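Shown next, in structure tokens, is the structure this report addresses.
The values are calculated or read from the model by the stated rules, or taken from the named source; none is laboratory data. Keep in mind that this is a model prediction, so the values were computed, not measured. Don't worry about glycine lacking a Cβ; one is built from the backbone with ideal geometry, like all the others, and counts go over all protein chains shown.
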Amino acid sequence: MADDRRAPTNKGRGGAAPALSFLETLRWAWRQLTSMRTALFLLLLLALAAVPGSIVPQRSVDQRAVQAYFERHPDLAPVLDRLGAFHVYTSVWFSAIYILLMVSLIGCILPRVAVYSRALRARPPKAPRNFSRLPASATYETEADVETVLAAAGATLGLARKDTVTVTDDGAVVEGEVRAEKGYLREFGNLVFHVSLVVVLVGVASMSLLGYRGSAIVAEGKGFSNTLTQFDEFTSGGLFDTDDLPPFSLTLDNLEATFELDGPQRGAPRSFSATGTVIDAPGEEPRPFEVKVNHPLRVDGASAYLVGSGYAPVIRVRDGKGRVVFEDAVPFLPADATYTSNGVVKVADARPEQLGFQGFFLPTAVSFGEDEIPVSAHPAAANPLLGLFAYYGDLGLDGGESQSVYVLDKDGLTQFLGDDGKPLRLMLSPGQSADLPDGMGSIEFVELRQFARFQFSAQPGVMIPLWGVSIGVLGLVLSLTIRPRRTWVRARRRDDGVTVVEIAALDRVPRSDVAQSVDDLAARLAERTGHTGNDYDTASEAEPPKKDEG
Amino acid sequence: MTLEDWANFSNNAVAAATAVLALAWLASVAQWAFGSKAVRVERAVAAAEPALVGGGSASSNAPAVDGPSSADREAAEERSDLFGRIAFSLTVLGFLVLLAAVVARGLAAERVPWGNMYEFATTGICVVLGGYLVMDVLMKVRWLAPIVLGFAVVVLGLSMTVYVPAGPLVPALDSYWLVIHVISAMVAGAGFLVGAGASVLYLLRTRADARGGAKGYLSRLPSAASMDQLAYRVTAFSFPVWTFAALISGPIWAEHAWGRPWGWDPKEVWAFITWVAYAGYLHARATAGWKGKAAAILSLIAFATFLFNFVGVNLFFPGLHSYAK
């Protein structure tokens, strides 16, 4: 449609262009980068570049999904990994696009701010000579003099910025025009919106550079203090110093989870709530807290979110010598919606041999037969059952390498066998205990507790992008709704004593109602100044043809 | 009524509303069809008349026996108007029934009725129809009826495939942000739909104009420029609302619920893509070489990303926003 503007560039292609100097090349590159077309292209490219991150799992979102992807696509995954497909939003190419876009944006904003500040100081422009060439114009004649017409025009035009210019002949005003311009807030809103985008990007960068995020499992009755060693997972921004972790600590008293008991949504989670006490900093008074989904705990400099829950059976282990060598609440990690959970117990202090247990926990165990493995029917703990395999030997903890508490290293371990020669399977309900073969000790399921999985994080500057977008939206609304318009009213005294009034308007952003508005303006003006009836359509209306405003 | 009664009432009302809207759609298509017939006949009459006049004054009053007449045109015109009125009345009826269904669903579940994909679809279409009716009062957009109604019927029909019985919310959704965030997303989406409908018809119309004048129903549409204008105006309204939904209320809620304002969850990614695409559309309309056709196509692409976010991301991509079931 509007492709005609491209034509000249094609024409110039044949001739040998003079070589550009370095500075000229730079200026040329800058112009290209900051042109609207490039900005538009970069914007669309950014949208396109964001797509793969929604298809391929992202490390920052779900580390386990990435591992699973590697297992499912052993050939493709390494190639994708090299392309940054598993961390799209921090990849080189994605960053390149948005940094270019930001430079383009700034390069667009700066000159426009300069232009705008000049426009703010400038006066409304002179009227063009020929009004009929403008998109909308009207004219009428009146016997009122030029000054009266111009004063009326000034009053009718309302809040626009106005200048009145007159030409005198022998002391009498014979000609004059009112120049009016309104809609300066459009460009203001536009600039505010674009500046706010830069503010958002700066805020996001500050959040990710200065913030941290970690998670930890806390069983009922246990505590957490905000130091690096207590996190199960921890990531932080490049400029974050782990010595700056806010020194709060908390104790979990109770975790309450409710689930739908019947109906079609049986087993669906309904509410999670963790209560306890928190100490904001060493030496301060403990205060009670309640954390729920959607209701995080705010402490100075950080927030705690309840992101998961599960069961932590309290297990007591005696070794072959009858000593209690282990007594603790052991978190079993839920693996499905009915909270079928998996966990590990490591008893390093057991003698003569170290002991290890691996197995599952079922909150509501249901068995379908003597030899069938029971399954969990509901996430609430109606019939808790702990099922464990037992091992003895060397837990492999002395190697110095850090080990996950949820994985049993079986290299140095031997499995206990039952009387039938098959692996020994221990099934325990709360309060029950079982002896290990050969007097190696015993294990007891003392009681059932629950655990809460908290996420702890700090996002310094999180309010910057929020304010940025909010103010940006206001600017956006201004730039989309305000319509700048230039209006001119010109009055010229003819020799016969009749004043010819001409009205015209020009929109910076074309609108369909401009002709109507000019007609309205003419009608209102004519009503104020009176009109002779010539050249004016509404003259036939029942109103006195002459009505001078004194 | 018990909760179950409300739930059953809601289900029946959704089915009834779907049927009523399907009839409304048929009527609106009939309105277009007869309208285009009227235009055809009018042209045929216009072409035949000079010949008749030349043939002699006696025959000038009597139309040719087999040829089209201005009476045919008037009949077609009348039928077109009649179907238009039927379509509009049925749309109002369908909207009211659907509104009752949505309210009943809320009463049955004892919460706002947009906690899963089925509810979002039914409530969303209710918002679309309400928006369409309001817009019709303000700026006469009845020419969009076949597109809006067709879309409504298809979405309502498909929503049955993701039906879930009324029930309480999962804890993550149990927040007043559900009201703010989702309503703004639905309002923006309704506007985007109307904008996309206007853009489609704009593209058809400009193509027809370029090929020597619009024929049939296309010639009964508003001018290409005014459809383009309408598409722009609704999009310019929807874009700030979408910005609020996706980039203000969404991140605030995400910070409360998941501990981060933005985490590139698939839903967030596609909300961002939609935002960028519509920002591109608004820019394109002011950029030489992109005005008109290219901008309209861009707005359709942007709407496609919005739809994909609603359908594709809910059903195919695992993520925190997977509330389909």
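Restricted to segment B:269-317, and to residues there that are within 9 Å of chain A (Cβ to nearest Cβ) and among the charged types (D, E, K, R), the residue that is surrounded by the fewest Cβ atoms within 10 Å (Cβ to Cβ) is B:Lys291. If you take the residues in segment B:194-247 that are basic (Lys, Arg) and in a helix (DSSP H, G or I), which one is surrounded by the fewest Cβ atoms within 10 Å (Cβ to Cβ)? Taking the candidates together, the pick is B:Arg207. Looking across segment A:255-284 at every residue that is among the hydrophobic types (A, V, I, L, M, F, W, C), within 19 Å of B:Pro171 (Cα to Cα) and assigned to a loop (DSSP other than H, G, I, E, B), the one that is farthest from the other protein chains (Cβ to nearest Cβ) is identified as A:Leu261.
Taking segment A:285-326 as the region of interest, the strands (runs of 3 or more DSSP E) fully inside it that hold 3 or more residues being β-branched (Val, Ile, Thr) and touching a strand residue (DSSP E or B) at 6+ places or on another chain (Cβ under 9 Å) are A:302-319. The set of residues in segment B:173-188 being small (Gly, Ala, Ser) and crowded, with 19+ Cβ neighbours inside 10 Å consists of B:Ser184, B:Ala185, B:Ala188. B:Pro165 meets each of the listed conditions (1) surrounded by 19 or more Cβ atoms within 10 Å (Cβ to Cβ); (2) not in a helix (DSSP H, G or I) apart from (1). Scanning segment B:79-135 for residues being assigned to a helix (DSSP H, G or I) and closer than 30 Å to A:Ala268 by Cβ gives a total of 25. On the given criteria, is A:Ile315 closer than 30 Å to A:Met440 by Cα, away from every other protein chain (no Cβ under 14 Å) and surrounded by 17 or more Cβ atoms within 10 Å (Cβ to Cβ)? Taking the combined requirement at face value, the residue satisfies it. When A:Val446, A:Val509 are checked against the criterion of being over 30 Å from A:Val202 (Cα atoms), more than 14 Å from chain B (Cβ to nearest Cβ) and within 51 Å of the chain's Cα centre (by Cα), A:Val446 stands alone in meeting it.
Residues checked against (1) out of contact with any Asp or Glu (no Cβ under 9 Å at 6 or more places or on another chain); (2) buried (at least 19 other Cβ atoms within 10 Å of the Cβ); (3) part of a helix (DSSP H, G or I):
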| residue | (1), (2), (3) |
| --- | --- |
| A:Ala47 | yes, yes, yes |
| A:Val61 | no, yes, no |
| A:Pro74 | yes, no, no |
| A:Phe86 | yes, yes, yes |
| A:Ala96 | yes, no, yes |
| A:Leu105 | yes, yes, yes |
| A:Cys108 | yes, no, yes |
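All of (1) more than 10 Å from every other protein chain (Cβ to nearest Cβ); (2) more than 29 Å from the chain's Cα centre (by Cα); (3) without any contact (Cβ under 8 Å) to a residue 24 or more places away in the chain hold for A:Pro334 with one exception: (3).
Within segment A:440-455, is there a residue that is at negative phi and in a loop (DSSP other than H, G, I, E, B)?
yes
Across segment A:152-183, which residue is modelled with the lowest pLDDT among those that are in contact with a strand residue (DSSP E or B) (Cβ under 7 Å, 6 or more places away or on another chain) and more than 17 Å from A:Ala491 (Cα to Cα)? Within segment A:152-183, the match that is modelled with the lowest pLDDT is A:Leu159.
Given the structure, is A:Pro465 within 14 Å of chain B (Cβ to nearest Cβ), at pLDDT 85 or above and crowded, with 22+ Cβ neighbours inside 10 Å?
Against the criterion (within 14 Å of chain B (Cβ to nearest Cβ), at pLDDT 85 or above and crowded, with 22+ Cβ neighbours inside 10 Å), A:Pro465 qualifies.
The numbered conditions (1) surrounded by 19 or more Cβ atoms within 10 Å (Cβ to Cβ); (2) within 8 Å of another protein chain (Cβ to nearest Cβ); (3) assigned to a helix (DSSP H, G or I) are all true for B:Arg260 except (3).
Check segment A:362-379 and report whether any residue there is surrounded by 16 or more Cβ atoms within 10 Å (Cβ to Cβ) and touching a Lys or Arg at 6+ places or on another chain (Cβ under 7 Å). No: segment A:362-379 contains no residue that is surrounded by 16 or more Cβ atoms within 10 Å (Cβ to Cβ) and touching a Lys or Arg at 6+ places or on another chain (Cβ under 7 Å).
Scanning segment A:450-475 for residues that are over 16 Å from A:Asn190 (Cα atoms) and of a type in the set (Gly, Ala, Ser) yields a count of 4. Looking only at residues of segment B:248-257 that are touching a residue at least 24 places away in the same chain (Cβ under 8 Å) and under 17 Å from A:Ile471 (Cβ atoms), we find that the one that is surrounded by the most Cβ atoms within 10 Å (Cβ to Cβ) is B:Ser249.
Checking the conditions here, which among B:Gly191, B:Gly157 is within 17 Å of the chain's Cα centre (by Cα), away from every other protein chain (no Cβ under 12 Å) and surrounded by fewer than 19 Cβ atoms within 10 Å (Cβ to Cβ)?
Numbers: B:Gly191 fails: surrounded by fewer than 19 Cβ atoms within 10 Å (Cβ to Cβ).
After applying the criteria, what remains is B:Gly157.
Among the residues of segment A:503-527, the one identified as at pLDDT below 90, closer than 19 Å to A:Arg129 by Cα and touching a helix residue (DSSP H, G or I) at 6+ places or on another chain (Cβ under 7 Å) is A:Asp507. For segment A:379-408, a residue qualifies if it is aliphatic (A, V, I, L, M) and in a loop (DSSP other than H, G, I, E, B), and the qualifying residues are A:Ala380, A:Ala381, A:Ala382, A:Leu395, A:Leu397, A:Val405, A:Val407, A:Leu408.
Output the residues belonging to segment A:409-421 that are over 17 Å from A:Asn342 (Cα atoms) and not in a loop (DSSP other than H, G, I, E, B). Can you show your working first?
Going through segment A:409-421, the residues over 17 Å from A:Asn342 (Cα atoms) turn out to be A:411-421.
Residues satisfying the conditions are A:Asp411, A:Gly412, A:Leu413, A:Thr414, A:Gln415, A:Leu417.
Here A:Ile443 fits the description: surrounded by 15 or more Cβ atoms within 10 Å (Cβ to Cβ) and β-branched (Val, Ile, Thr).
Residues are listed down the side, and each one gets a yes or a no for (1) of a type in the set (Lys, Arg); (2) assigned to a strand (DSSP E or B); (3) in contact (Cβ under 8 Å) with a residue 12 or more places away in the chain; (4) on the phi < 0 side of the Ramachandran plot:
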residue: A:Leu476; (1), (2), (3), (4): no, no, yes, yes
residue: A:Thr487; (1), (2), (3), (4): no, yes, yes, yes
residue: A:Arg490; (1), (2), (3), (4): yes, yes, yes, yes
residue: A:Asp495; (1), (2), (3), (4): no, no, no, yes
residue: A:Val500; (1), (2), (3), (4): no, yes, yes, yes
residue: A:Pro510; (1), (2), (3), (4): no, no, yes, yes
